[in-house]
Each structure stands twice: as C-alpha cells, then as structure tokens.
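For reference, the structure is listed below as structure tokens.
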Amino acid sequence: QVQLVESGGGLVQAGGSLRLSCRTPERTDGFNVVGWYRQAPGKQRELVATMGQSGSTNYADSVKGRFTISRDNTKNTVYLQMNSLKPEETAVYYCYAERSFTTFWGQGTQVTVSS
C-alpha cells in the first residue's frame, strides 16, 4: 500500500499564500502522474493541478497563474504553492499519485481562507 502524507495546510487570510507538501514513499517521477485535488464542504472533489512523469503540468482554470505544482525527487515530495488565495478555495486538499492504473491518496490537509 502506497501512503502519501500531506502537510502545510492551515488558516490564511484572503490574498495570502500557503505551500502544501506531499511526501511519497518513493521518487515522485516513479509515478505516471502526481497531483492535487480539493473538496469544499458540500461540493464534489475537483482537480487542482497535476504533474506528469516528464514534468509536464496541468492546472484548473481557476488556479492558473496563482498555483504552482512542483516536485523534489531528492526528497520524494510534491509541492503545491498557492498564492492569492480566495475564501472560496477553503477546502480539504488531497494529494494523489497514479501508477499502473491504480490511484493512491493522502489523508488530506485542511486549507481555510478567511475573508
């Protein structure tokens, strides 16, 4: 069982920044895709950002230009830098990794953006 461990969530004011981290048990480029989803109360889980094995990235339109996904293979860690946060982005943020048609999830980290 692959375990992903997120950290870095918390409370921030609107317009502020947070960096989420996701520790994987092996090199992040060993997965086909790594990324982040979020789920706000009463809403469906939505894709935020992904990074392919080659390093290619993809973002939800709502976060383009403000969020950046990156990885550090020496630390087996995926990051999500979030800038200019908005109150509506309050959610639990989940890290995921996909390999061989299997998706692994972290436990989630709460991000709360106050207005």
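Restricting attention to the stretch 1-37, report how many residues are of a type in the set (A, V, I, L, M, F, W, C), in contact with a Ser or Thr (Cβ under 8 Å, 6 or more places away or on another chain) and open to solvent by 70 Å² or more (accessible area, probe 1.4 Å).
The qualifying residues number 1.
Across the stretch 52-91, what is the total count of residues that are closer than 21 Å to Ser114 by Cβ, out of contact with any Ser or Thr (no Cβ under 7 Å at 6 or more places or on another chain) and not in a loop (DSSP other than H, G, I, E, B)?
Of the residues in that region, 7 qualify.
What number of residues within the stretch 51-71 are open to solvent by 20 Å² or more (accessible area, probe 1.4 Å) and farther than 22 Å from Ala14 by Cβ?
So the answer is 8.
Considering the stretch 72-99 alone, what residues qualify as being surrounded by fewer than 17 Cβ atoms within 10 Å (Cβ to Cβ) and in contact (Cβ under 8 Å) with a residue 60 or more places away in the chain?
Passing the criteria: Gln81, Asn83, Ser84, Lys86, Pro87, Glu98, Arg99.
Going through Thr103, Thr112 one at a time, which residue ends up being open to solvent by 20 Å² or more (accessible area, probe 1.4 Å), at pLDDT below 95 and not in a loop (DSSP other than H, G, I, E, B)?
Selected residue: Thr103, the only one of Thr103, Thr112 that is open to solvent by 20 Å² or more (accessible area, probe 1.4 Å), at pLDDT below 95 and not in a loop (DSSP other than H, G, I, E, B).
The values are calculated or read from the model by the stated rules, or taken from the named source; none is laboratory data. Everything quoted here is computed from the prediction, not taken from an experiment. A quick note on method: Cβ atoms are made from the backbone with ideal geometry, for glycine too, and the neighbour counts reach across all protein chains shown. For accessibility, only protein heavy atoms count, side chains too; no ligands or nucleic acids. Shrake-Rupley method; radii C 1.70, N 1.55, O 1.52, S 1.80 Å.
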